[in-house]
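Novice: Can you keep this structure in mind? I'll have questions shortly.
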Amino acid sequence: MNIKIAYSNTWKKVLIILFVFTKTVDVFAQKTNSTLEKSIESKIDSIIPLLTLKEKVDMCHAQSKFSTKGVGRLGIPELWMSDGPHGVRAEISWDSWDYAGWTNDSITAFPALTCLAATFNPKLSGDYGYNLGEEARYREKDILLGPGVNIYRTPLNGRNFEYMGEDPFLASKMVVPYIKGVQKNNVAACVKHFALNNQEHWRNTVNVEVGDRALYEIYLPAFKAAVQEAGVWAVMGAYNKFRGQYATHNELLTKKILKGDWDYDGVVISDWSSTHDTMEAAMNGLDLEMGTGTDGLGTNSLNHYDNYYLASPFLKALKSGEIDETVLNDKVRRILRLMFRTTLKPNRGFGKINNKEHHAVARKVAQEGIVLLKNENSFFPIEDKEGITIAVIGENATRSMTAGGGSSELKPQFEISPLEGLKARYENVNIVHSMGYATGPSVYDAVIPSKLNADSLRIEAVKIAKNADIVLFFGGLNKSHLQDCEGADRTQFNLPFGQDELLNDILEVNKNVGYILMSGNAVEIPWLRNIDGLIQTWYLGSMAGYGIADIISGDVNPSGKLPFTFPAKLEDNAAHSFGVSSYPGIDQEQNYKEGILVGYRWHDTKKITPLYAFGYGLSYTSFNINNVKTDKKTYLPNDKIKVTCQVTNSGNLDGAEVVQVYVGKPKSKVKRALKELKGFEKINLKKGTSKTVEVSIDASDLAFYDESISDWNLEKGDYVVYVGNASNNIIKTIKINIK
Ligand code: BGC
């Protein structure tokens, strides 16, 4: 689409929205006396009978890549959507995946969701959601296609960076404020991908088999929290199959659990091309079909939207009576409800974009989410001392990490690279840079090798490393195909692009090396014992370089904690330990054989020491956790278990610590994980001060999903409460009893 058409579409949209306000009021005025005061439901009751069958069907599928039709004659607006979880994506063309080429669609790129999860700070997640929602509103989006809460099951999943880690409790606590924040702007969040899209490999076809316990205890809780605690207005179905039926129109997932058990009143949107059947889509709860290429017309043909499963074939089945009109009316009701929450909401704000508050939140999330993994000999922080040379090595010191990655790709107004961030912070230190290795551009679905000469790059990097006082290696993965990117999984657990070899060469000439790992995934780190400093920085968006410099310089004390386990080797990961039938599956059939033992649950229970544990992260100061208590020894099912402890900052710097409370049930009628996260609290502490922290847990949250009764079951008896600052650093255990 050319710019002119794109602009005319915006104008069309603006006019339609204006038209809607007047027209909708007209319609209501005819039907009711006090239109705007009446509840949304009665407004919807009055609109549905005015619509023709065709108009209603038209509302249930796309009219372009990212919009749906309104009903112009009644002032019912179009709906406009945009990716994604970390920022509002640049405008896409009407009928193709090409960018529309607008010049007014640059945004703030916020850190990736793994980083947000690593903050363990729900309040900050609320700020993230609110600020991002403001940008979506400014860009006139009604639905933001995020956040993602698929569980981190394998470190090879190309999309883990878009999600919130391996623990359902952490993901639930972090996703709720994000959604509420977005929706305060009258922009719908769309939590995705429901459900079990835990790998990209074969994502369109793989059939996932997983038991009910793991389904309810591990893979669904964050979605449930999004629905029941955050009141999310849209849910996106997943590409994969579950128990032989596509997830997007899966009878158990969408119809029974989401719309039945959870009483979800919002819209179920397909993923782009995840719909496969009219009858199932109609009957199992899909409301809005997007992105399908059907009947051989392909995703890029003009006006193929009429051939969508929820378009002409749906209309035909309605006309013949094969599908009852009430089925359609329910979908239209949900879509109208979403409109009343968003585009038809009176006094909706205008949003904001690229303002300093948004940049500040992006930087704060980066600061709080970066995880200090190793700090021998106080390698970090690095002082700004005259006469010192720092060799900054690695392509990731300068590479854009908002480009690539698939649908989460962003077009930020600016993106501060780590090298720029360091140069801005360090005035006295001499900073030199060499790429060391080079990869090609981040292109979807293709690997394009760099044309630069690998040997020359390596020789140059080793040379500058030799003459430097300190080496900072900025490596890890990137947003290219087969790295941290949608559409495919990583094909190796170790670092790509010859980084291990380069690092070993550098270590031959300089032992003073710190590694800055930019990734959304765990990687193998064979040379760990040879380096003093290691920082996990994720993908940090617009303010990346500043956030990284804040931590490296010590302007900000790190407080991030890992939202997933780093296994020492791939086979130590639960999914991989069961071989190919468990990951990636055989002939597109996959069985989650590890059941509930995902992430630290597996490592703890099977006593497999991880390289870095879930919940782990260092600080430049030190904390003591003392005086750990529960308020009682015995609890009833409706009680709250209050766990208190005193946290002291015993070091020389102000800092923040995350108190983590896990609970386990040693004797149970079913196999349980040794312990599960049930509460956490992040606190800021000035040096030398102490605070009492209270973590409150609902006793009912200790229930397990009992397959024998298809319901949650709170077993009576003894439980163990574990309190610490990482899943592998438990300071105190306390026995309690549930009566
Ligand atoms: C992705 C979704 C995304 C959609 C629209 C799909 O390929 O799986 O996460 O929202 O495209 O870009």
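Novice: Restricting segment 627-664 to residues that are outside any loop (DSSP other than H, G, I, E, B) and polar (S, T, N, Q), which is surrounded by the most Cβ atoms within 10 Å (Cβ to Cβ)?
Specialist: Q660
Novice: Select from segment 508-526 the residues that are assigned to a loop (DSSP other than H, G, I, E, B), crowded, with 16+ Cβ neighbours inside 10 Å and not hydroxyl-bearing (S, T, Y) and write down the one among them that is nearest to the chain's Cα centre (by Cα).
Specialist: G520
Novice: What's the number of the only condition in (1) among the β-branched types (V, I, T); (2) away from the ligand (no atom under 16 Å from the Cβ); (3) not in a loop (DSSP other than H, G, I, E, B) that T103 fails to meet?
Specialist: Answer for T103: the failing condition is (3).
Condition check ((1) without any contact (Cβ under 8 Å) to a residue 24 or more places away in the chain; (2) in contact with a strand residue (DSSP E or B) (Cβ under 9 Å, 6 or more places away or on another chain); (3) farther than 30 Å from N240 by Cβ; (4) outside any strand (DSSP E or B)) across all residues:
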| residue | (1), (2), (3), (4) |
| --- | --- |
| A438 | no, no, yes, yes |
| L482 | no, yes, no, yes |
| D500 | no, no, yes, yes |
| I506 | no, yes, yes, yes |
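Novice: Given the residues V432, V462, which is the only one that is modelled with pLDDT of 95 or more, among the β-branched types (V, I, T) and part of a strand (DSSP E or B)?
Specialist: Testing whether each residue is modelled with pLDDT of 95 or more, among the β-branched types (V, I, T) and part of a strand (DSSP E or B) leaves just V432.
Novice: Just wondering, is there one or more residues in segment 228-238 that are within 16 Å of the ligand (Cβ to nearest atom) and not hydrophobic (A, V, I, L, M, F, W, C)?
Specialist: So far as segment 228-238 goes, yes, one or more of its residues are within 16 Å of the ligand (Cβ to nearest atom) and not hydrophobic (A, V, I, L, M, F, W, C).
Novice: Just the residues that are within 15 Å of the ligand (Cβ to nearest atom) and either under 14 Å from L220 (Cβ atoms) or hydrophobic (A, V, I, L, M, F, W, C) (or both), please, taken from segment 140-162.
Specialist: Selection gives I143, L144, L145, V149, N150, F161.
Novice: Can you tell me which residue is surrounded by the fewest Cβ atoms within 10 Å (Cβ to Cβ) among those in segment 182-233 that are farther than 13 Å from R153 by Cβ and among the β-branched types (V, I, T)?
Specialist: Applying the filter and picking the extreme gives T205.
Novice: Follow-up question, since we're still on this one. Mind checking which pairs have a first residue in segment 252-274 that is under 20 Å from C60 (Cα atoms) and among the acidic types (D, E) and a second that is within 16 Å of the ligand (Cβ to nearest atom) and part of a helix (DSSP H, G or I), Cβ under 8 Å, 6 or more apart or different chains?
Specialist: Short answer, once both residue conditions are applied: D271/T248.
Novice: If the requirement is being polar (S, T, N, Q) and under 23 Å from the mean Cα position of the chain (by Cα), which of these qualifies: N284, N250?
Specialist: One residue alone meets the criteria, N250.
Novice: Please work out if E200 is away from the ligand (no atom under 14 Å from the Cβ), over 22 Å from A311 (Cβ atoms) and modelled with pLDDT of 95 or more.
Specialist: no
Novice: If you don't mind, there's one more thing I want to ask. Just to verify a result, which residue in segment 423-462, among those that are of a type in the set (V, I, T) and within 17 Å of L482 (Cα to Cα), is surrounded by the fewest Cβ atoms within 10 Å (Cβ to Cβ)?
Specialist: Out of the qualifying residues, it is I448.
Novice: Considering every residue within segment 221-229, establish whether at least one is among the aromatic types (F, W, Y) and within 17 Å of I151 (Cβ to Cβ).
Specialist: Yes, there is a match, as at least one residue in segment 221-229 is among the aromatic types (F, W, Y) and within 17 Å of I151 (Cβ to Cβ).
Novice: If you go through segment 663-712 one residue at a time, how many are of a type in the set (S, T, N, Q) and within 19 Å of S172 (Cα to Cα)?
Specialist: Total meeting the criteria: 2.
Novice: Could you tell me whether any residue of segment 108-116 is part of a loop (DSSP other than H, G, I, E, B), at pLDDT below 95, within 15 Å of the ligand (Cβ to nearest atom) and not aromatic (F, W, Y)?
Specialist: no
Novice: Residues of segment 68-85 being on the phi < 0 side of the Ramachandran plot, surrounded by 19 or more Cβ atoms within 10 Å (Cβ to Cβ) and away from the ligand (no atom under 12 Å from the Cβ), which ones?
Specialist: Within segment 68-85, T68, K69, G70, V71, I76, P77, E78, L79, W80 meet the criteria.
Novice: Which residues, taken from segment 387-442, are basic (K, R) and in contact with a Ser or Thr (Cβ under 8 Å, 6 or more places away or on another chain)?
Specialist: R399, K411, R425 - these are the residues of segment 387-442 that are basic (K, R) and in contact with a Ser or Thr (Cβ under 8 Å, 6 or more places away or on another chain).
Novice: Please work out which residue is nearest to the ligand (Cβ to nearest atom), limiting yourself to segment 269-281 and to residues that are of a type in the set (A, V, I, L, M, F, W, C) and over 8 Å from H249 (Cβ atoms).
Specialist: Restricting to residues being of a type in the set (A, V, I, L, M, F, W, C) and over 8 Å from H249 (Cβ atoms), the top hit is W272.
Novice: Has segment 168-180 got any residue that is of a type in the set (D, E, K, R), at pLDDT 95 or above and within 16 Å of the ligand (Cβ to nearest atom)?
Specialist: No, segment 168-180 contains no residue that is of a type in the set (D, E, K, R), at pLDDT 95 or above and within 16 Å of the ligand (Cβ to nearest atom).
Novice: Further question: For K316, which of the numbered conditions (1) without any contact (Cβ under 8 Å) to a residue 40 or more places away in the chain; (2) in a helix (DSSP H, G or I); (3) within 16 Å of the ligand (Cβ to nearest atom) fails to hold?
Specialist: Against the list (1) without any contact (Cβ under 8 Å) to a residue 40 or more places away in the chain; (2) in a helix (DSSP H, G or I); (3) within 16 Å of the ligand (Cβ to nearest atom), K316 comes up short only on (3).
Novice: Out of (1) on the phi > 0 side of the Ramachandran plot; (2) within 16 Å of the ligand (Cβ to nearest atom), the odd one out for L482 is which?
Specialist: Failing condition for L482: (2).
Novice: When the residues of segment 450-479 are filtered to those that are under 26 Å from G520 (Cβ atoms) and polar (S, T, N, Q), which remaining residue is nearest to the ligand (Cβ to nearest atom)?
Specialist: Filtering first and then ranking leaves N478.
Novice: Among strands (runs of 3 or more DSSP E) lying entirely in segment 665-711, which contain 2 or more residues that are surrounded by 12 or more Cβ atoms within 10 Å (Cβ to Cβ) and of a type in the set (A, V, I, L, M)?
Specialist: Output list reads 676-685, 690-698.
Novice: If you check L220 against the conditions, is it within 20 Å of G285 (Cα to Cα), within 15 Å of the ligand (Cβ to nearest atom) and either out of contact with any Ser or Thr (no Cβ under 8 Å at 6 or more places or on another chain) or polar (S, T, N, Q) (or both)?
Specialist: No; evaluated as a whole, the condition is false for this residue.
Novice: Name the single residue, out of those in segment 282-291 being surrounded by fewer than 24 Cβ atoms within 10 Å (Cβ to Cβ) and part of a loop (DSSP other than H, G, I, E, B), that is nearest to the ligand (Cβ to nearest atom).
Specialist: G291
Novice: Here is a further query. Within segment 366-382, take every residue that is touching a helix residue (DSSP H, G or I) at 6+ places or on another chain (Cβ under 8 Å) and assigned to a loop (DSSP other than H, G, I, E, B) and give me the one that is nearest to L116 (Cα to Cα).
Specialist: The selected residue is I370.
The values are calculated or read from the model by the stated rules, or taken from the named source; none is laboratory data. Quick caveat, the model's predicted, so the values are computed rather than measured. Positions of Cβ are backbone-derived with ideal geometry, glycine not excepted, and every protein chain shown enters the neighbour counts.
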